[in-house]
1. Taking the stated definitions as given, is residue 212 within 20 Å of residue 318 (Cα to Cα) and without any contact (Cβ under 8 Å) to a residue 24 or more places away in the chain?
2. Quick check: is even one residue across segment 296-304 in contact with a Lys or Arg (Cβ under 7 Å, 6 or more places away or on another chain) and closer than 19 Å to residue 217 by Cα?
3. Give the number of residues within segment 270-295 that are surrounded by 13 or more Cβ atoms within 10 Å (Cβ to Cβ), touching a residue at least 12 places away in the same chain (Cβ under 8 Å) and more than 16 Å from residue 227 (Cα to Cα).
4. Scanning segment 33-73 for residues that are at pLDDT 75 or above and over 25 Å from residue 182 (Cα atoms), which turns out surrounded by the fewest Cβ atoms within 10 Å (Cβ to Cβ)?
5. Please identify the pairs in which a residue from segment 6-32 that is modelled with pLDDT under 80 has its Cβ atom under 6 Å from the Cβ atom of a residue that is assigned to a loop (DSSP other than H, G, I, E, B), counting only partners at least 6 apart or on another chain.
6. Surrounded by 14 or more Cβ atoms within 10 Å (Cβ to Cβ), over 30 Å from residue 334 (Cβ atoms) and modelled with pLDDT of 85 or more: is that true of residue 207 in this structure?
7. Tally time: how many residues in segment 76-122 are in contact with a Lys or Arg (Cβ under 7 Å, 6 or more places away or on another chain) and surrounded by fewer than 15 Cβ atoms within 10 Å (Cβ to Cβ)?
Amino acid sequence: MTRKSRRCWSKSIGERGNRVRLYEKYHGGPIMRSVFVNRKEVRKSLGHRDKEKAIRQGYEMLSALLANEKALDERSLTLGMLADLYLQSPAHLSKKERTQRADERTLRRVVGFLGPARNVESLSESDVKRYTMARRQGDGSLPRVQPGRQVRDRTIEADLVILLAALNWAVRERTTEGRRLLKENSLFGVRLPREKNPRRPVMMHDEYLKLVDVAERVHPLLDLALIVAEGTGRRISAWRNLRWDDVNFQNGTIRWRAETDKTGFEQVVPMTEPVKDALAAARRAQGAIGNTPVFKAPKDPSKPCNRHLFDDWLRKAYEITEIPREKWTMWHSIRRKWATERKGYPVRDVMEAGGWKNEETLLRSYQQPDAETVRQVVLHPTQRLITR
């Protein structure tokens with residue numbers, strides 16, 4: 001008696017004319033996809049056996065086909081297809097979830113303006129200028145943009161950087177046949193809009209002291225947040241996610257976790273005495289140890305405070321002190337304060353202590369000129385290290 005052969009799995013997505021068929025060539029083998037566009041069939045192995053993943057890819061492929069029927073003509077890559085492929089790539093999926101969502105929104109906005117069916121190789125400097133002008137004017141035709149909302153050149157530059165990242169990825173990526181997705185980046189060398197007078201305010205020390213004086217009146221955690229932010233120079237995403245087992249009082253160090261830091265690097269850095277004293281007092285008050293948040297959310301102590309709550313508290317403190325606050329003076333201005341006060345130290349050491357990934361970012365965006373340092377440069381040109 002012969003044994004019946006097991007049926008191979010298959011599934012069709014879409015309708016006649018635009019359809020994606022997923023199937024096993026043999027039972028248990030890698031899943032194949034067969035796509036029909038205007039009676040033209042293209043077959044390809046997906047390179048895995050995960051049926052749920054294959055179905056998701058099938059729907060994504062169908063979406064790309066409906067947006068552009070030429071999406072599978074691999075000799076003419078379109079912007080819509082480029083966006084879909086890049087957003088499925090490890091280069092994109094390896095980013096943090098929040099960054100993935102932001103980058104996807106941005107890329108969809110740029111592609112929506114330039115046209116999903118647009119041939120990638122036809123992009124030029126004129127397209128960059130058209131997008132720049134539309135974004136500056138708050139053009140209502142822009143996808144995912146509130147009509148009339150004008151933005152600065154720094155925001156426009158960030159939008160276009162995501163498109164360039166996708167184009168550069170396509171140049172490096174190869175198909176299963178060994179051919180590059182894109183021969184060259186057609187926007188290579190095109191100048192992006194740059195902010196001529198970027199707004200990067202630095203919090204003054206006397207301003208910081210006044211905020212600390214009134215912090216307890218707003219919320220006890222605001223006092224701790226100001227001291228930790230000013231003493232460590234770290235991003236709000238890093239310090240608000242601190243847990244008590246990250247703080248080593250015996251060695252006087254703080255561990256900055258890779259998963260909560262923008263650069264993705266884990267570091268152990270010494271802490272100042274004011275930071276150590278403030279954290280020690282907070283731990284005694286909370287009676288908490290181990291893997292619990294330092295900045296416990298008022299409604300859910302198992303989670304850290306939301307960054308928007310810290311923003312609200314800081315705005316309230318400014319109102320109490322009656323200090324005029326510039327529009328962009330928030331938590332990041334404290335990070336710039338920390339970096340600016342450490343001018344004169346070796347840049348590499350400042351980067352390591354403050355959690356910067358590259359020197360250019362630190363020097364261009366954080367270490368700001370100040371009147372006293374400029375005075376020292378002019379009056380004492382031979383003095384190399386400014387004592388602070």
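The values are calculated or read from the model by the stated rules, or taken from the named source; none is laboratory data. Keep in mind that what you see is a predicted model, and the values were worked out from it rather than measured. Using ideal geometry, Cβ is built from the backbone for each residue, glycine included, and neighbour counts are taken over all protein chains shown.
1. yes
2. So far as segment 296-304 goes, yes, one or more of its residues are in contact with a Lys or Arg (Cβ under 7 Å, 6 or more places away or on another chain) and closer than 19 Å to residue 217 by Cα.
3. Number of matching residues: 3.
4. It comes out as 52.
5. 6/27
6. For residue 207, the condition - surrounded by 14 or more Cβ atoms within 10 Å (Cβ to Cβ), over 30 Å from residue 334 (Cβ atoms) and modelled with pLDDT of 85 or more - is not met.
7. Total meeting the criteria: 2.
Let's see how each residue does on (1) outside the structural domain of residue 280 (by TED's automatic domain parsing); (2) out of contact with any Cys (no Cβ under 7 Å at 6 or more places or on another chain); (3) not charged (D, E, K, R):
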| position | (1), (2), (3) |
| --- | --- |
| 295 | no, no, yes |
| 301 | no, yes, yes |
| 314 | no, yes, yes |
| 319 | no, yes, no |
| 335 | no, yes, no |
